[in-house]
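Worksheet for the structure shown next.
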Amino acid sequence: MDERVIGRSGQRASVVGLGTWQLGADWGDVDETQALAVLEAAVESGVTFFDTADVYGDGRSEQTIAAFLRARPELDIFVATKMGRRLDQIPENYVLDNFRAWSDRSRRNLGVDRLDLVQLHCPPTPVYSTDEVFDALDTLVQEDRIAHYGVSVETCAEALTAIARPGVASVQIILNAFRMKPLLEVLPAAREAGVGIIARVPLASGLLSGKYTKDTVFPANDHRTYNRHGESFDQGETFSGVDYDSGVEAAVEFAELAPEGFTPAQLALRWIIQQPGVTTVIPGARSPEQAHANAAAAALPELSADTLTAIRDVYDRRIKDQVENRW
């Protein structure tokens, strides 16, 4: 699989990575055997980049990755984790002592002396403008607790503020065919600054897979049930902030644009891969079959100009007014 440089880190990531939120929590139940099988399927398919967080299953996702990599020492996998959501999300909690404690816990969970990449996990907006926060992150690098740092953001404005920080290696942002605003300013700014872009929620929480109907019922412990209106965290993390019923209707139209040999999910991933400035896209997977299919999108032909125009048309007509003024 093709690899791209993760911004200022100088390290490389497969263009399709693996998001491991599903392996920790908030997507229904996934047992450890199933989680390990997903990781194995991903690396079999050429994936060299895993994204996790210290709060995914209260560390379960990190620990599962560690167990997998211990059993496969020959693998060269770049693991990005996140920190900042183990306490209340208030600016006062984003300080060096907490950063040390959180990164030390992730180092234990992942079984490493130094973390490859630590991302602030969608902190409050003022954090991005606080010099002391980035001084503290620089200190973690100097102490060899972490190799590089980045941010995971909710809004384009937050991304632009972070990109201006000289030590930020990467920005993780929601980018998909139902969330196109980052194309306007964020991706060009990142390219100019040499900052990597990690595209998350690429399938709009599964909407763009074309598998769901208005009658689909998700488990009670799945965020697609309990966070549809932002009850537990930012609404944009669930279905990209798109109203579910109208999103299902738009997804039907989107699926019809898939060229021969593409599934709707692969169409969604291929669209992201082709956006200039994207380093890696991190779909999650609940089964080995999903992991294989997601990774296969990297080898599919580039989308034609006509297909790209048609995808933009669906977004402009059905989605844009719901999301662009919020994120």
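The stretch between residue 232 and residue 305, if pulled fully straight at 0.36 nm per residue, gains 22.4 nm over its current Cα-Cα span. Under the rule a/c < 1.5 gives rounded, and otherwise a/b versus b/c splits prolate from oblate, where does segment 209-278 land using the Cα gyration tensor? Because a/c hits 1.5 or more and a/b fails to exceed b/c, segment 209-278 counts as oblate. In terms of its alpha-carbon gyration tensor, segment 96-254 comes out prolate; a/c meets the 1.5 threshold, and the first ratio a/b outweighs b/c.
A straight line joining the Cα centroids of segment 28-103 and segment 123-186 runs 18 Å. Our coupling estimate for segment 7-23, obtained by passing each phi through the Karplus curve with A = 6.51, B = -1.76, C = 1.60 and θ = phi - 60°, is x, 6, 6, x, 7, 10, 9, 4, 5, 10, x, 10, x, 10, 4, 4, 7 Hz, Gly and Pro reported as x.
Pop out the carbon and sulfur fraction of the accessible area of segment 177-236 as a percent, whole number, probe 1.4 Å. Before the final figure, lay out the partial values.
Values: 1310 of 2540 Å².
Carbon and sulfur together cover 51 percent of it.
Need one number: % antiparallel among DSSP beta bridges in segment 1-159, to the nearest 5. Mind showing how you got there, number by number?
Numbers: 3 of 17 bridges.
Once the DSSP bridges in segment 1-159 are tallied, antiparallel ones form about 20 percent.
Just checking the listed ones, 260, 154, 40: in the Gaussian network model of the chain with Cα springs under 10 Å, the one fluctuating most is 260. Taking square-rooted eigenvalues a ≥ b ≥ c of the alpha carbon gyration tensor, is segment 111-152 rounded, prolate or oblate, where a/c under 1.5 means rounded and, failing that, a/b exceeding b/c means prolate? Judged from the Cα gyration tensor, segment 111-152 comes out oblate (a/c at least 1.5, b/c at or above a/b).
How much of the DSSP beta bridge set in segment 150-210 is antiparallel, as a percent to the nearest 5?
Working: 1 of 8 bridges.
Taking every DSSP beta bridge with both residues in segment 150-210, the antiparallel ones total about 10 percent.
Length available on full extension from residue 312 to residue 32: 0.36 nm per residue minus the Cα-Cα distance, which gives 96.9 nm.
Under Stokes-Einstein, with the Kirkwood radius over Cα pairs as Rh, the value for the chain at 37 °C and 0.692 mPa s is 167 µm²/s.
Suppose a student asked you for the relative contact order of the chain, using Cα pairs under 8 Å spaced at least 6 residues apart; what percent would you report? Normalised by residue count, the contact order of the chain is 22 percent.
Spin-label model, residue 44 to residue 164: label points 7 Å out along the Cα-to-beta-carbon direction sit 4.8 nm apart.
Annotation: peptides 194-202, 127-135, ranked by per-residue average of other Cβ atoms within 10 Å with the highest first, follow the order 194-202, 127-135.
The values are calculated or read from the model by the stated rules, or taken from the named source; none is laboratory data. Remember, predicted model here, so these are calculated numbers, not experimental data. Glycine gets a Cβ as well: all are built from the backbone with ideal geometry, and neighbour counts include every protein chain shown. Side chains included, ligands, DNA and RNA excluded: accessible areas come from the protein's heavy atoms. Shrake-Rupley method; radii C 1.70, N 1.55, O 1.52, S 1.80 Å.
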